[in-house]
There are 2 protein chains.
Amino acid sequence: MSPRPPHTDAASQAGPAKPGQVKSITSVSNPMIKEIRALATQRKRRKEAGLFVAEGLKLITDAMQADWPIRTLVFGAEVREQPMVAQAAAKARARGATVLDVNRAVLTAITRRDNPQMVVGVFEQQWFDTERIDPARGPLWIGLDTIRDPGNLGTIIRTADAVGADGIILIGDTTDPFAVEAVRATMGSIFHMPIARMTRETFLKWRKSWPGAVIGTHLEGSIDYRKAAYTDPTLLLMGTEQSGLPEEMTAACTQLVRIPQAGQADSLNLAVATGVMLYEIRRDKLVLEG
Amino acid sequence: MSPRPPHTDAASQAGPAKPGQVKSITSVSNPMIKEIRALATQRKRRKEAGLFVAEGLKLITDAMQADWPIRTLVFGAEVREQPMVAQAAAKARARGATVLDVNRAVLTAITRRDNPQMVVGVFEQQWFDTERIDPARGPLWIGLDTIRDPGNLGTIIRTADAVGADGIILIGDTTDPFAVEAVRATMGSIFHMPIARMTRETFLKWRKSWPGAVIGTHLEGSIDYRKAAYTDPTLLLMGTEQSGLPEEMTAACTQLVRIPQAGQADSLNLAVATGVMLYEIRRDKLVLEG
């Protein structure tokens with residue numbers, strides 16, 4: 001049998017919950033709920049608080065298994081008895097998180113869906129310190145310049161994880177990897193993939209310390225992506241959805257490669273292009289297991 | 001100078017527009033506007049009418065260049081003077097389409113965006129007749145079983161176009177390729193890529209007539225995707241985002257292949273997996289031009 005968390009009195013619901021406590025909330029205007037909703041919808045609020053929201057039991061479970069610091073766990077009263085939910089709640093309480101037992105209206109308000117996720121978690125953002133990037137120990141990094149679409153970013157994080165890349169550097173003014181849509185698209189890989197960030201200026205300085213290849217994918221690249229030499233360490237650079245890499249970034253590359261195209265399409269989706277590149281770079285290293 | 005279309009009197013706005021005419025509309029409750037909005041948002045309405053909506057000048061231009069039958073062209077009064085818009089309007093009128101000159105409120109209502117696209121077109125759906133699928137003339141087809149996400153579907157259509165595939169077969173209960181989000185994600189490739197549809201039962205019967213390889217991508221595939229033999233003709237089968245190909249579909253394959261994964265991720269995004277497979281299948285055929 002799974003442990004059943006003790007519940008506080010619903011009458012005390014206006015006050016702040018103590019860490020480790022389970023609290024029932026039925027009002028969508030409760031300040032804690034409004035704060036979680038703000039974290040889910042506003043990048044500014046996420047940045048100020050250094051927190052973000054992950055939705056769904058799979059993501060929450062992945063995050064806790066990867067020891068990401070959890071601040072708040074919210075679950076729907078209707079799934080309270082499910083063993084996986086009770087386990088997640090017990091674990092969150094043991095780590096000092098506030099645990100909220102809420103009704104469907106509250107979950108709908110947080111997740112902005114008629115058919116809401118039944119478990120939602122608030123976690124601390126974790127950024128990889130750029131000084132810890134070590135090409136000797138982690139030879140495959142991906143630099144994403146000014147990427148705009150949270151779904152693309154999340155999908156790229158998922159693919160980077162799948163090929164065993166060592167981390168991602170977000171360069172310049174990119175979309176937020178901790179946006180709900182980005183986190184969802186990672187399918188949990190955000191909890192495993194180191195993510196660093198730099199201004200473009202900082203990147204261009206830092207790049208001088210990178211000892212290996214810097215491969216830029218570019219529509220005007222002259223080298224076929226199948227013919228380039230991918231030796232460790234490699235930094236793969238991908239540009240924006242709209243216009244690719246700008247000139248100051250292509251100038252920082254050791255090779256510009258191009259993925260051939262045969263049809264009427266004038267470009268690939270950025271996440272697809274990154275996937276094709278990553279599987280090419282890892283072509284001689286990935287092993288089929290099982 | 002670009003031609004300036006003649007305008008009808010705004011007072012006549014309640015009545016139906018004659019084909020080829022330009023009509024001004026400022027009311028979001030105009031029946032023609034409500035119909036376009038319904039086509040943009042409701043699959044049922046699209047299916048009944050056999051029509052769909054494409055948003056944005058690039059898509060509209062691509063569609064008209066590819067000679068897709070246009071029924072209605074809508075543009076914002078504020079872009080009326082732009083040469084590309086005026087040309088599109090003139091072409092649409094010449095093809096007998098109704099042309100609507102509207103205000104921003106109407107465009108916002110149609111596109112459901114605060115920052116709406118300024119040009120919207122209503123086109124006739126075109127489905128490729130399954131009897132016309134000819135592996136001798138078009139050797140690379142892609143079968144998508146029960147695919148759910150319109151963004152993934154649109155991205156796959158775009159990638160299929162980029163590798164020069166010959167067409168896509170939607171199998172079973174899939175998402176609508178003519179949903180606004182799917183059309184947008186194709187970036188115009190929907191106007192170039194033949195799309196057929198079959199029930200799973202029909203597909204399994206039809207598959208017996210396919211003379212070449214039927215490659216299924218599956219987490220339990222035993223052959224490394226890099227080691228399979230891809231000979232013309234090839235039919236690539238991809239399953240759903242959630243659970244991959246069901247058994248009756250894997251049983252219809254000549255080979256089940258798997259894309260290796262190294263990290264914590266348990267699968268790839270479907271559009272990325274399809275992209276990696278298509279570039280592998282076409283590996284020895286695609287040529288870098290330019």
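Overview of values
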quantity	calculated
Added length on full extension, which subtracts the Cα-Cα distance from 0.36 nm per residue, A:A251 to A:R226	6.9 nm
Label point 7 Å beyond Cα along the C-beta direction, distances from B:E289 to other copies (nm, shortest first)	4.2
For B:Q125, distant residues with modelled amide H under 5 Å away	B:L51, B:F52
Whether region A:130-285 is rounded, prolate or oblate, judged on the alpha carbon gyration tensor where a/c under 1.5 counts as rounded	rounded
Sorted by Cβ neighbour density within 10 Å, fewest at the top, the residues A:E280, B:E124	B:E124, A:E280
Cα gyration tensor category, rounded, prolate or oblate, for region A:228-290 with a/c compared to 1.5	oblate
Residue-averaged 222 nm ellipticity for chain A, from DSSP H runs of 4+ at -39500 (n - 2.57), nearest 500	-9000 deg cm²/dmol
Net charge dipole size for region A:130-285 [Lys, Arg +1 and Asp, Glu -1 on Cβ; Debye, nearest 20]	400 debye
For B:T202, inter-copy label distances in nm, listed shortest first [label point 7 Å out on the Cα-Cβ vector]	5.6
Sorted by Cβ neighbour density within 10 Å, fewest at the top, the residues B:W141, A:W210	A:W210, B:W141
Under 5 Å, built H, 5+ apart or other chain: amide partners of B:S24	B:T8, B:D101
Dipole magnitude (debye, nearest 20) for the protein assembly as shown, charges at Cβ of Lys, Arg, Asp, Glu	1140 debye
Fluctuation leader among B:R226, B:R184, B:R132 - chain B, Gaussian network, Cα springs under 10 angstrom	B:R132
Neighbour net charge for A:A49 - beta-carbon separation under 10 angstrom, K R +1, D E -1	+2
Relative contact order computed over chain B (Cα-Cα under 8 Å; 6+ residues apart), in percent	17 percent
Whole-Hz couplings from phi, Karplus 6.51/-1.76/1.60, listed for region B:230-247; x for Gly and Pro	10, 10, 5, x, 10, 10, 8, 10, 10, x, 6, 4, 7, 10, x, 7, x, 4
For chain B, built as a Gaussian network whose Cα springs stay under 10 Å, the top-fluctuating residue of B:G263, B:G239, B:G143	B:G263
Label 7 Å beyond Cα on the Cβ vector: A:N103 copy-to-copy distances, nm	4.2
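Values in this text are rule-based calculations from the coordinates and carry no lab data. On a predicted model such as this, the values are computed, not experimentally measured, just so you know. Cβ: placed from backbone, ideal geometry, glycine included. Neighbour counts: every protein chain shown.
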